[in-house]
Structure formats: structure tokens, C-alpha cells
There are 2 protein chains.
Amino acid sequence: MRLSTRGHYGLKAMFDLAQHYGSEPIPLKTVAERQNISDNYLEQLIAILRKAGLVKSIRGSQGGYILAREPGNITVGDIIRAMEGPIAPVDCVSEVEPAECTQADSCITRTVWAKVRDRLAEVMDSISLADMLRDAENLLENKQ
Amino acid sequence: MRLSTRGHYGLKAMFDLAQHYGSEPIPLKTVAERQNISDNYLEQLIAILRKAGLVKSIRGSQGGYILAREPGNITVGDIIRAMEGPIAPVDCVSEVEPAECTQADSCITRTVWAKVRDRLAEVMDSISLADMLRDAENLLENKQ
DNA sequence: AGAAAACCTACTTTTTTACTCAGGTTTAAC
DNA sequence: GTTAAACCTGAGTAAAAAAGTAGGTTTTCT
């Protein structure tokens with residue numbers, strides 16, 4: 001039950017953009033440095049986020065990336081689904097196009113994984129980037 | 001966020017043993033056939049379950065496997081932890097020995113994954129093999 | 001003794017992951 | 001219009017993990 005670096009880095013990058021939402025576009029290289037990710041690799045990952053409509057790019061000098069929507073309107077679930085595909089502990093309970101399973105109607109392990117899937121989706125969909133910004137602020141306050 | 005076949009097959013095998021709890025030991029080959037798993041492969045998997053203390057083996061002719069505890073006392077979480085290791089969407093929030101992270105105190109994505117981990121553990125620990133047996137019975141009744 | 005079954009270890013193949021690299025295209029400041 | 005900074009694309013690759021195979025040894029029941 002691990003996330004790949006795609007999901008992990010994807011959320012990091014999106015959170016970085018959220019922290020600078022409202023100002024100029026952020027160059028990929030800047031995000032990569034701040035989040036400690038190879039920029040060649042991040043370039044590929046951010047392309048996925050762009051195609052999923054989660055970020056917008058501004059090309060050319062002084063260009064960069066910005067969130068496509070406000071942080072309150074983008075959830076962890078959105079990002080993870082974009083980066084890792086539909087949530088599905090096992091193929092036969094995928095959120096979209098579940099794999100065929102001959103014993104689907106009597107398979108009890110299947111109903112277990114459906115419950116796990118639903119809880120996973122529930123928690124990921126309940127956390128927005130705005131929530132994360134709020135958490136970051138609180139963390140900072142408690143430190144001082 | 002996928003399970004490997006280890007966890008998937010592991011739960012299937014354990015559920016199979018649960019369905020025959022209280023009678024003679026079940027040969028591995030029988031479980032493998034019923035659950036449609038290569039018996040060579042299942043042999044490796046069940047060795048993990050045995051070392052984790054979840055099943056007992058009876059050697060020799062008429063031998064086989066039985067659950068080490070009653071079905072109400074074995075949870076999906078027990079089985080998945082045995083088969084896949086500690087629950088941890090990313091290494092830095094592993095249930096045991098979380099990986100070092102230089103920004104641990106200010107990393108917000110980390111707190112997200114901790115929440116995901118806790119929900120995962122919660123749902124898996126709340127379902128026992130006995131619960132699954134009950135579900136199976138209900139499913140059967142509704143069919144008739 | 002013979003058969004059935006667990007046990008053990010090592011090997012192989014396949015798939016996925018996590019990158020890297022090379023070369024392009026577009027834009028905007030100057 | 002040149003140049004630099006940025007985005008875009010696709011191919012390639014090394015390492016790791018996953019999934020499965022194979023063959024032999026030991027134990028115990030009959």
C-alpha cells in the first residue's frame with residue numbers, strides 16, 4: 001500500500017504552487033529545487049498535472065506554473081488520481097473500469113477492498129490544498 | 001496505492017482457512033485450487049503467514065494448515081502487515097521505523113500521509129475474519 | 001515401506017519505477 | 001532579431017520489486 005514517487009512528488013509540487021498562489025508563475029526549476037526533486041523528472045510529472053487540468057503553464061521568459069483553480073478547490077484525491085490513476089487497492093474494485101472477476105458475486109475479500117478503497121477516497125477527497133495551507137500556518141504559529 | 005498479490009492472495013488464503021476453521025487441517029494444494037493461486041507461489045506466501053504466527057502447520061500425511069487463532073481474533077490489518085510490511089503510504093510515515101526526513105517538522109504533505117495511514121489502519125484493523133464469514137453468510141441468504 | 005504433505009532454498013522472468021538524456025518549440029526581455 | 005529562459009516530447013535505461021518456477025528434503029499417517 002505505498003504511493004509511488006509520482007504521487008508523492010506531485011503533491012509536494014502542488015503544495016509548493018499553492019503556497020505561492022496569486023503571485024507570478026513559478027518556474028519549474030524553482031519548485032524542483034525547493035522540493036528537492038530532479039527538474040528533468042519533475043518536468044514529466046508536471047506535464048501529467050497539466051493534462052489533468054490541475055495546473056496552468058505560462059511559457060517563455062518569466063513564465064512558469066500556477067494552479068488552475070484556487071487551492072480550496074483542489075483536493076489531495078484530485079492530485080493522486082491524476083498521478084497514480086483511479087484509487088484501487090486491487091483491480092477488481094477500481095473506481096473506474098473494475099477488472100473482470102469470475103467470482104465477483106461471492107468474493108468476500110472483494111468487499112473488504114471496496115471498503116478500503118472508499119475510506120481512502122474519503123480521506124483524500126476531504127483534504128484540499130487550502131486545508132494544507134491552514135495546517136502549515138498553524139504549525140508555524142505553534143513553533144514561535 | 002495498490003496492494004501486491006502477496007496481500008491479496010494472503011487474505012484469500014486466510015479467509016479460505018477461516019471458512020473451514022474447527023475441522024481438519026487444510027492442505028495447501030486445496031487452498032491453492034479453491035482460490036485459484038499457483039501452489040508453488042502460495043507455498044511461499046503461507047510461509048510468511050506461518051512465521052507471523054497467523055497460521056499453524058501440521059506436517060506429514062493428512063497434514064495441512066489451520067488458523068493459529070479463532071477468526072474473530074485475526075484482522076485484515078494483521079494479515080496485510082504480515083504480507084506487505086508496516087502500513088505506510090510513504091516511508092516517512094511508516095508505522096514502524098519511519099524513514100528520516102530532514103524537513104519532518106515543517107513538511108505538510110507528511111501530515112497528509114499520516115492521516116491516510118491512520119485511516120487505512122483503522123479500516124483494516126476493524127475487519128476480522130469472523131466479520132467476513134458473517135458477510136459471506138448474509139450474501140448467501142440474500143441470494144436465495 | 002509408501003504416500004501425502006509440509007518445508008526450504010535458489011533461480012528466473014516480467015513488470016514497474018524512477019529516472020536520464022537529447023533535442024525540440026515557444027515566448028518575452030533587451 | 002537575438003538570446004536566454006522556459007516549456008514540451010519521446011526515447012532509453014538501470015535498478016528494484018513482484019510474481020512465479022523448480023527441485024529437493026523432511027515429517028507423519030496408514
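The values are calculated or read from the model by the stated rules, or taken from the named source; none is laboratory data. Model, not experiment: these values are computed from the prediction. In this analysis, Cβ positions are derived from the backbone assuming ideal geometry, glycine residues included, and neighbour counts consider all displayed protein chains. Side chains included, ligands, DNA and RNA excluded: accessible areas come from the protein's heavy atoms. Shrake-Rupley method; radii C 1.70, N 1.55, O 1.52, S 1.80 Å.
Taking the range B:69-84 as the range and being open to solvent by 20 Å² or more (accessible area, probe 1.4 Å) and either over 30 Å from residue B:17 (Cα atoms) or within 11 Å of chain A (Cβ to nearest Cβ) (or both) as the test, the residues that pass are B:75, B:81, B:84. Once the range A:89-109 is narrowed to residues that are closer than 14 Å to residue B:135 by Cβ and of a type in the set (S, T, N, Q), the residue that is nearest to the other protein chains (Cβ to nearest Cβ) is A:109.
Scanning the range B:17-42 for residues that are aliphatic (A, V, I, L, M) and in contact with a strand residue (DSSP E or B) (Cβ under 8 Å, 6 or more places away or on another chain), we see that the one that is farthest from DNA strand C (Cβ to nearest atom) is B:18. Consider the range A:110-122 and keep the residues that are free of Cβ contacts under 8 Å to residues at least 12 places away in the same chain and at the interface with chain B (Cβ under 7 Å from one of its Cβ atoms). The one that is nearest to residue B:76 (Cα to Cα) is A:112.
Selection within the range B:30-60: residues that are touching a Phe, Trp or Tyr at 6+ places or on another chain (Cβ under 9 Å) and more than 14 Å from DNA strand D (Cβ to nearest atom). The member of this set that is farthest from residue B:76 (Cα to Cα) is B:31.
When we screen A:44, A:62, A:19 for residues that are touching a residue at least 60 places away in the same chain (Cβ under 8 Å), of a type outside the set (Val, Ile, Thr) and open to solvent by 40 Å² or more (accessible area, probe 1.4 Å), the only hit is A:19.
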